[in-house]
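The values are calculated or read from the model by the stated rules, or taken from the named source; none is laboratory data. Keep in mind that this is a model prediction, so the values were computed, not measured. Methodologically, a virtual Cβ is constructed for each residue, glycine included, from the backbone with ideal geometry; neighbour enumeration extends over all protein chains shown.
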Amino acid sequence: MQRAWLSIIVLAVSCLPASAQTSGVSANADVIAVADIKALEQRLCRLLVDRRYHEYALYLADDYVRTSSSGDVETKQQVLESFKDQKTVLLSLVPEDMEVRVYGDAAILTLKLTIQVQSGEGVEARFSRVTKTFVRRAGRWYLASMAGTALPE
């Protein structure tokens, strides 16, 4: 009888959903990498506001992709070309609530981005929730992908 109950318990435990089990994968406690990513994000924002696109491009992985809030996927070349065709003037990019998770030579940054642009109608504020993926190669961080979602004011 004990053996029957033990078999039932083992069978029941093995049927638990995989989501209830842990993966064993979690972010590293790498405070230096976290600080590096946050500083790099500040730098990238400054480069865009200052229209230093050539220098900005040096921080993008060759196969960088950006997914817009409308779901459009753009390559590095398309993103850089879009900077030249902007119909608005970027006045400021302010990253806030930055959270960084580091996984060895990869890092995920989530943040709220406040954007001020000037167009024909005046100055407009826009807000986005952004997720960026960075990779480290030869000790240097590169932006590999970005996805943004527009937020209401």
With the first residue restricted to the stretch 28-52 and required to be at positive phi, and the second required to be surrounded by 14 or more Cβ atoms within 10 Å (Cβ to Cβ) and outside any helix (DSSP H, G or I), Cβ contacts under 9 Å at 6 or more apart or on different chains are ARG51/LEU90
Go through the stretch 24-67 and give me each residue that's touching a strand residue (DSSP E or B) at 6+ places or on another chain (Cβ under 7 Å) and charged (D, E, K, R).
ASP30, ASP36, LYS38, GLU41, ARG66
If you go through the stretch 62-72 one residue at a time, do you hit one that is under 30 Å from ALA29 (Cα atoms), acidic (Asp, Glu) and buried (at least 17 other Cβ atoms within 10 Å of the Cβ)?
no
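Among the residues that make up the stretch 55-66, is at least one of them more than 16 Å from LEU143 (Cβ to Cβ) and more than 15 Å from the chain's Cα centre (by Cα)?
Looking only at the stretch 55-66, we keep the residues that are more than 16 Å from LEU143 (Cβ to Cβ), and these are none.
No, because not a single residue in the stretch 55-66 is more than 16 Å from LEU143 (Cβ to Cβ) and more than 15 Å from the chain's Cα centre (by Cα).
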Which numbered condition PHE83 fails, given (1) over 29 Å from ASP30 (Cβ atoms); (2) surrounded by 15 or more Cβ atoms within 10 Å (Cβ to Cβ); (3) among the hydrophobic types (A, V, I, L, M, F, W, C):
(2)
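Which of the residues belonging to the stretch 99-119 are closer than 22 Å to ALA35 by Cα and surrounded by fewer than 17 Cβ atoms within 10 Å (Cβ to Cβ)? Please lay out each step first, then the result.
Initially, the stretch 99-119 is screened for residues closer than 22 Å to ALA35 by Cα, giving 99-114.
Across the stretch 99-119, the qualifying residues are GLU99, ARG101, TYR103, GLY104, ASP105, ALA106, ILE108, THR110, LYS112, THR114.
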Determine whether GLU96 is surrounded by fewer than 17 Cβ atoms within 10 Å (Cβ to Cβ) and more than 18 Å from the chain's Cα centre (by Cα).
no
Is it fair to say SER70 is of a type in the set (S, T, N, Q) and modelled with pLDDT under 95?
yes
Only listed residue being modelled with pLDDT under 95, closer than 21 Å to PHE127 by Cβ and under 19 Å from the mean Cα position of the chain (by Cα), chosen from VAL79, VAL89
VAL79
